[in-house]
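These notes concern the structure reproduced below.
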Amino acid sequence: MSSVISAKNLSLTFQTNDGPVHALKDINLEINKGDFVSFIGPSGCGKTTFLRCMADLEQPAAGEITVNGVSPAEARKARAYGYVFQHAGLYPWRTIGGNIRLPLEIMGVDKAEQDKSVKEVLELVHLEGFENKYPWQLSGGMQQRASIARALAFQADILLMDEPFGALDEIVRDHLNEQLLELWARTNKTIGFVTHSIPEAVYLSTKIVVMSPRPGRIHDVIESTLPKERPLDIRDSPEFIEIAHRVRDGLRAGHGDD
Amino acid sequence: MRNIGPILTVVAAIFVLWYAGAVALNAPWAYDKAKRANVEITFSEMVADTMQQKKPKLPAPHQVGKEIWKTTGEMVAKGRAFSKRSLIYHSWITLSATLLGFALGTGLGVALSVGIVYNRTMDMSVMPWVIASQTIPILAIAPMIIVVLNAIGISGLLPKAVISMYLSFFPVVVGMVKGLRSPDHMMVDQMKTWSATKGQEFWKLRLPSSMPFLFPSLKVAMAASLVGAIVGELPTGAVAGLGARLLAGSYYGQTIQIWSALITAAALAAALVAIIGVIQKVVLKRMGMA
Ligand SMILES: Nc1ncnc2c1ncn2[C@@H]1O[C@H](COP(=O)(O)OP(=O)(O)O)[C@@H](O)[C@H]1O
Ligand SMILES: [Mg+2]
């Protein structure tokens with residue numbers, strides 16, 4: 001197993017008007033190729049900040065982080081990852097196809113190749129036939145799927161997702177979770193996934209990273225014992241419930257005294 | 001078309017007030033004339049007189065309308081649309097300076113806003129000057145611009161356009177700085193995750209995002225541009241243009257001529273702004289931003 005993301009003693013402090021905020025402190029984590037890693041923890045525990053460090057959107061103050069064996073900046077320039085933000089962030093003046101094409105245009109992919117990729121990823125997220133629709137013509141869940149398609153379009157091996165389904169209702173969320181697993185199985189990508197939801201984390205992940213706030217630390221790393229094939233009703237199995245318990249205990253302990 | 005009712009009401013009210021004003025302001029002259037001729041005039045005779053004086057203090061709407069028709073439609077009918085006595089000719093002179101100044105001002109405004117958004121030094125230093133430039137009364141600076149440009153051999157259209165530019169770049173800078181900064185952090189970060197260049201970020205994200213801010217600025221800029229062109233025609237004693245008509249009118253007390261130039265200028269401004277409004281509607285609709 002090769003390490004895709006490796007963090008050693010990673011720390012990051014934001015200087016704010018109310019004094020320093022220790023968003024990350026002494027973070028150590030190895031993510032291997034093909035892992036589906038969820039980051040879970042209360043608001044403000046540094047999940048987003050950690051993901052942004054991997055994406056070279058935030059610079060750690062201390063420690064070391066590598067992505068595909070190189071610095072995040074080099075990995076970003078090599079287009080090693082696709083990043084899905086909390087909000088779909090589709091451009092209203094571009095069609096769904098045009099939005100997915102955007103990173104490809106930026107990367108200088110030729111037109112025929114663009115068309116092919118757009119078609120492929122629209123199929124992956126089950127949005128065939130929506131290529132020429134505008135974002136406002138789609139539901140929130142479909143927009144989020146389009147934004148995932150956009151992150152997939154340029155064939156990066158790593159997919160970083162920051163609470164991509166946070167704003168969606170439960171039923172849509174279940175559906176998208178299923179589709180995401182299916183996509184992960186098909187593409188064998190390495191996925192980093194931030195979530196607030198325990199069932200979502202347990203259902204999706206091979207590895208669950210439980211974080212605690214002030215300062216942002218990793219409290220526990222849980223290796224899932226669930227099989228790779230996961231129908232939705234696996235959530236009623238004793239194994240699933242046991243893992244969920246461990247996550248909940250971790251969250252409670254991490255929350256500690258407040 | 002829902003707006004037509006209220007608009008007509010307002011227009012009607014303006015005409016009523018205008019006629020009333022004309023009667024009130026022109027009445028003394030009507031009585032004066034009657035007194036010197038040693039005749040008594042009735043109220044209705046007085047009113048009739050206020051409607052048809054040659055140099056009224058305030059010409060009545062129909063007098064202005066007639067003058068405008070005489071200097072536009074009638075000239076066209078005679079095939080002399082571009083003769084020196086035609087308002088179409090004078091409007092065109094002013095319009096050409098307005099449009100050139102508007103184009104220059106928009107160009108300068110956009111260029112400055114790009115500099116301000118992308119360059120820290122410019123961000124810190126340019127804006128105060130931009131604002132200061134607008135606090136100087138244009139009437140004070142217009143003659144200097146014209147004299148200076150004349151001294152280096154530039155005259156005619158360009159000096160007026162420069163004054164238009166001076167007035168019209170300002171709303172464009174202010175609007176476009178805001179517009180180019182309107183994409184949120186997330187969208188800018190997103191561009192970074194794709195390793196987009198500054199140029200790609202500008203063309204694909206910032207510029208399209210700024211469109212809803214650009215058009216209102218352009219409307220203000222267009223109106224300012226027209227004012228600039230007219231002001232630019234005043235200090236030189238220009239012989240052509242709406243400004244020249246205003247000036248000539250005031251030399252000879254030709255109030256009807258002044259008012260028809262004013263009304264024409266207002267109509268021109270309204271038409272230009274309306275054209276931008278139509279383009280705005282079409283563009284923003286096509287961009288899914290309306
Ligand atoms: N750009 C920033 N400037 C200052 N403080 C920040 C910034 N980004 C995040 N923080 C702070 O860092 C902490 C961790 O934030 P974040 O990583 O967003 O947490 P999470 O995603 O787990 O909710 C929070 O206390 C947050 O207020
Ligand atoms: Mg977050």
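The values are calculated or read from the model by the stated rules, or taken from the named source; none is laboratory data. These numbers come from a predicted model, not from an experiment. Positions of Cβ are generated from backbone atoms using ideal geometry, with glycine treated the same way; all protein chains shown enter the neighbour counts. Note: accessible area is taken over every heavy atom of the protein model, side chains too, but ligands, DNA and RNA are not part of it. Shrake-Rupley method; radii C 1.70, N 1.55, O 1.52, S 1.80 Å.
What to note about this one:
- The numbered conditions (1) closer than 25 Å to B:Leu226 by Cα; (2) surrounded by 16 or more Cβ atoms within 10 Å (Cβ to Cβ); (3) modelled with pLDDT of 90 or more are all true for B:Ser86 except (3).
- Exactly one residue out of B:Ser125, B:Ser168 is over 13 Å from B:Leu104 (Cβ atoms), assigned by TED's automatic domain parsing to the domain that holds B:Val239 and either touching a residue at least 60 places away in the same chain (Cβ under 8 Å) or not β-branched (Val, Ile, Thr) (or both), and it is B:Ser125.
- Qualifying residue in segment A:28-48 (condition: within 16 Å of ligand 2 (Cβ to nearest atom) and within 14 Å of chain B (Cβ to nearest Cβ)): yes
- Members of segment A:49-61 that are touching an Asp or Glu at 6+ places or on another chain (Cβ under 9 Å) and more than 16 Å from ligand 2 (Cβ to nearest atom): A:Asp56
- Out of B:Ile163, B:Ile141, B:Ile152, sole residue that is modelled with pLDDT under 90 and at negative phi: B:Ile141
- Sole exception among (1) within 16 Å of ligand 2 (Cβ to nearest atom); (2) touching a strand residue (DSSP E or B) at 6+ places or on another chain (Cβ under 7 Å) for A:Trp184, by number: (1)
- B:Leu58 passes every criterion in (1) in a helix (DSSP H, G or I); (2) open to solvent by less than 40 Å² (accessible area, probe 1.4 Å); (3) among the hydrophobic types (A, V, I, L, M, F, W, C) apart from (1).
Per-residue answers, yes or no, for (1) facing chain A (nearest Cβ under 10 Å); (2) at pLDDT 90 or above; (3) open to solvent by 20 Å² or more (accessible area, probe 1.4 Å):
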position	(1), (2), (3)
B:Phe213	no, yes, yes
B:Ala240	no, no, no
B:Gly253	no, no, yes
B:Ala271	no, yes, yes
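- Hey, B:Leu247 farther than 21 Å from B:Trp69 by Cα and over 14 Å from the mean Cα position of the chain (by Cα) or not: no
- Residue within segment B:188-210 that is more than 14 Å from chain A (Cβ to nearest Cβ) and open to solvent by 20 Å² or more (accessible area, probe 1.4 Å) present: no
- When each of A:Lys47, A:Lys25 is tested for being in contact (Cβ under 8 Å) with a residue 60 or more places away in the chain, farther than 19 Å from A:Ala201 by Cα, surrounded by 15 or more Cβ atoms within 10 Å (Cβ to Cβ) and not hydroxyl-bearing (Ser, Thr, Tyr), the lone residue that passes is A:Lys25.
- Scope segment B:68-83; condition in a helix (DSSP H, G or I) and open to solvent by less than 30 Å² (accessible area, probe 1.4 Å); matching residues: B:Thr71, B:Gly73, B:Met75
- Screening B:Ala229, B:Ala221 for residues that are among the aliphatic types (A, V, I, L, M) and modelled with pLDDT under 95 leaves exactly one candidate, B:Ala229.
- Residues being over 20 Å from B:Thr106 (Cβ atoms), open to solvent by 70 Å² or more (accessible area, probe 1.4 Å) and part of a helix (DSSP H, G or I) are entirely absent from segment B:153-167.
- Which numbered condition A:His87 fails, given (1) open to solvent by 40 Å² or more (accessible area, probe 1.4 Å); (2) closer than 16 Å to A:Asp157 by Cα: (2)
- Filter result (near ligand 1 (Cβ under 8 Å from one of its atoms) and either assigned to a strand (DSSP E or B) or at positive phi (or both)) within segment A:40-50: A:Gly41, A:Gly44, A:Gly46
- Positions within segment A:208-258 being within 23 Å of A:Glu30 (Cβ to Cβ), of a type in the set (Ser, Thr, Tyr) and open to solvent by 20 Å² or more (accessible area, probe 1.4 Å), in sequence order: A:Ser224, A:Thr225
- Looking only at segment A:8-22, and only at residues there that are farther than 21 Å from A:Leu160 by Cα and within 15 Å of ligand 2 (Cβ to nearest atom), the one that is surrounded by the most Cβ atoms within 10 Å (Cβ to Cβ): A:Val21
- Listed conditions (1) crowded, with 24+ Cβ neighbours inside 10 Å; (2) without any contact (Cβ under 8 Å) to a residue 60 or more places away in the chain; (3) more than 16 Å from ligand 1 (Cβ to nearest atom) are all met by A:Ser205, apart from (2).
Matching residues to (1) farther than 17 Å from A:His219 by Cβ; (2) within 11 Å of ligand 1 (Cβ to nearest atom); (3) modelled with pLDDT under 95:
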residue	(1), (2), (3)
A:Ser3	yes, no, yes
A:Leu24	no, yes, yes
A:Arg52	yes, yes, no
A:Gly69	yes, no, yes
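Let's see how each residue does on (1) in contact (Cβ under 8 Å) with a residue 60 or more places away in the chain; (2) open to solvent by 60 Å² or more (accessible area, probe 1.4 Å); (3) under 21 Å from the mean Cα position of the chain (by Cα):
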position: B:Asn119; (1), (2), (3): no, yes, no
position: B:Ala132; (1), (2), (3): no, no, no
position: B:Thr135; (1), (2), (3): no, yes, yes
position: B:Val172; (1), (2), (3): yes, no, yes
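- Among the candidates A:Asp169, A:Asp162, residue that is charged (D, E, K, R) and within 16 Å of ligand 2 (Cβ to nearest atom): A:Asp162
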